[in-house]
Amino acid sequence: MLRRTRRKLMISLFGPPEPTLLERLKDSVSKTRSELSARVEQLLTGDRPVDPELLKQLESALLSADLGVRTTKEVLVALRQQVNEHKLEEPGALKRELKNQILKILTAPAAAQPNSDAADGRPADEPRVLFVVGVNGTGKTTTIGKLTSRLKKEGATVILCAADTFRAAAIEQLEIWARRSGVEMIKQKPGADPSAVVFDALTAARARHADVVIVDTAGRLHTKSNLMAELDKMKRTAAKVIPGAPHDVLLVLDATTGQNGLNQAREFWSHAAVTGIVLTKLDGTAKGGIVVAIARELNLPIRFVGTGEKIDDLVPFDAQTYVNSLFD
């Protein structure tokens, strides 16, 4: 029974969303679609020639959606090459190839990630450990609550670890989410050593044969080296208790911050060995192209997208649906 549950857990973390969730993912990019799709449709509809001026205008449209300079230039280089080889001679073909290029960028990081329990070096009877990191205000604790609810509904036994001991309110907020989902939470007093809380939580998870432990870390400013050092200490502690832990480090980013979110991702990637991104508030921005920039520049997969405030508003990211939603 335990292994069956863990197989379901891997589907939740790495597999595509259920068909009923695809529409919610489409809805979450509606603002970006209205901004980008309208401009692309205007450019790539009709019989106008595919020439340097058209490509220049297309580049401007992609930049306005926050794909970033580096990612946009790479896409345009690939498109120009095919135009020069007379493979893209009409706007419709150019649009299809644009979608293909963006899809290729989005699927590459996910393909490089492990997709089985055996791949993370963890014995089959050990809990899977997830660290959730990010700066204050991105929706980190709310994301943990939503992920917990999702895993609990799939049959996984989840334990929450309140390792954000710097803010008393953080412990209280996480406790509210634990009660909502009916899961156990391990905590200590505010100001306690976060690594000690991690040790307690992972020890308890092993004793209770839990499937997964989700560790809430402090809302660290990515420029604070001492807090990053504390995160390193927590990771070392986790590895001593459970082999290979943490098995995933999910970075929660606010999509409305655009390129600043990408800068945050770079810092966490270099210090915290981030394995995936949870993008919140995507439904509140017209700059949804940041999804593509993160995937390309950091080679990190987008795991989930926050689509609202309710406990079920956490949708597994699906690259094909995202690309189709942007342009169709």
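The values are calculated or read from the model by the stated rules, or taken from the named source; none is laboratory data. Quick caveat, the model's predicted, so the values are computed rather than measured. Here the Cβ is made from the backbone with ideal geometry for all residues, glycine too, and neighbour counts use every protein chain on show.
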Hits in segment 49-83 - residues which are of a type outside the set (D, E, K, R) and more than 26 Å from Glu297 (Cα to Cα):
Pro49, Val50
Restricting segment 31-46 to residues that are polar (S, T, N, Q) and modelled with pLDDT under 65, the one surrounded by the fewest Cβ atoms within 10 Å (Cβ to Cβ) turns out to be Ser34
Among helices (runs of 4 or more DSSP H) entirely within segment 246-328, at least 2 residues that are more than 12 Å from the chain's Cα centre (by Cα) and closer than 21 Å to Leu130 by Cβ occur in 259-272
Cβ-Cβ below 6 Å, separation at least six or inter-chain, first residue in segment 266-288 and under 21 Å from Gly306 (Cα atoms) and of a type in the set (Asp, Glu), second in a loop (DSSP other than H, G, I, E, B) and modelled with pLDDT under 85: which pairs?
Asp283/Thr307
What residue, of Lys240, Lys224, is modelled with pLDDT under 80 and either farther than 21 Å from Val158 by Cβ or over 17 Å from the mean Cα position of the chain (by Cα) (or both)?
Lys224
For segment 142-159, check the following and say yes or no: at least one residue is over 15 Å from the mean Cα position of the chain (by Cα), modelled with pLDDT under 85, more than 15 Å from Thr275 (Cβ to Cβ) and not in a helix (DSSP H, G or I).
no
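For every residue, the table says whether it meets (1) surrounded by 22 or more Cβ atoms within 10 Å (Cβ to Cβ); (2) more than 22 Å from Ser149 (Cα to Cα); (3) in contact (Cβ under 8 Å) with a residue 60 or more places away in the chain; (4) touching a strand residue (DSSP E or B) at 6+ places or on another chain (Cβ under 6 Å).
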{"site": "Gly191", "(1), (2), (3), (4)": "no, yes, no, no"}
{"site": "Ala196", "(1), (2), (3), (4)": "no, yes, no, no"}
{"site": "Arg206", "(1), (2), (3), (4)": "no, no, yes, no"}
{"site": "Val212", "(1), (2), (3), (4)": "yes, no, yes, yes"}
{"site": "Ser225", "(1), (2), (3), (4)": "no, yes, no, no"}
{"site": "Glu230", "(1), (2), (3), (4)": "no, yes, no, no"}
{"site": "Arg236", "(1), (2), (3), (4)": "no, yes, no, no"}
{"site": "Val252", "(1), (2), (3), (4)": "yes, no, yes, yes"}
